[in-house]
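Right, one structure below, let's go through it.
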Amino acid sequence: MDECIITQLSIFVNNEPGRLAAVAKTLEDCKVNMKACNLAESTEFGILRAIVDDPDAAAERLTAKGVIVKKTELVGVKISDVPGSLYRPAAALGEAGVNIEYGYAFTGKDVEGLLMRVDDPAKAVDVLKNAGLELIKGSEI
């Protein structure tokens, strides 16, 4: 897989008091370290979207503990903390017909950027590179 396509875990969390804590304890017990995350909700459940060390092994350990986990592919682009930094990647993808389904920003030790779920990750990588944008590799998070 292209090193610029990042695997995200989507962990389903019931939308009730204490459930996020229970999932967090399971993450700790399974020694899963989150590098970036986003918590989204709906009426009945939440989704903890997380970038973790070794997503394949993490998904396997969490599933063995009864946690519902789905792996999805993301693309990350480096952005700066300045007005308009979202425009260039959003415009490049939009002009190329690549849909951004959702995204979330993060700041790491040496990189800050935007992680995006898109309808065509491979095409998004090419489009962003051709637009002169710097992509984030999974190893950089």
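Okay, here's what the table says:
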read-out	value
Among (1) without any contact (Cβ under 8 Å) to a residue 24 or more places away in the chain; (2) open to solvent by less than 30 Å² (accessible area, probe 1.4 Å); (3) not in a helix (DSSP H, G or I), the one test that Glu101 misses	(2)
Filter result for Ala92 (modelled with pLDDT of 95 or more and of a type outside the set (Val, Ile, Thr))	yes
Residue count, segment 73-96 (criterion: of a type outside the set (Phe, Trp, Tyr) and not in a loop (DSSP other than H, G, I, E, B))	14
Condition broken by Val67, with the remaining ones in (1) out of contact with any Cys (no Cβ under 9 Å at 6 or more places or on another chain); (2) of a type in the set (Val, Ile, Thr); (3) buried (at least 18 other Cβ atoms within 10 Å of the Cβ) satisfied	(1)
Selection count where residues are surrounded by fewer than 17 Cβ atoms within 10 Å (Cβ to Cβ) and in contact with a Phe, Trp or Tyr (Cβ under 8 Å, 6 or more places away or on another chain), scope segment 109-141	1
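The values are calculated or read from the model by the stated rules, or taken from the named source; none is laboratory data. Note that the structure is a prediction, hence the values are computed from the model and not measured. Cβ sites come from the backbone with ideal geometry, for glycine too, and all protein chains shown count toward neighbours. Heavy atoms of the whole protein, side chains included, go into the accessibility calculation; ligands, DNA and RNA do not. Shrake-Rupley method; radii C 1.70, N 1.55, O 1.52, S 1.80 Å.
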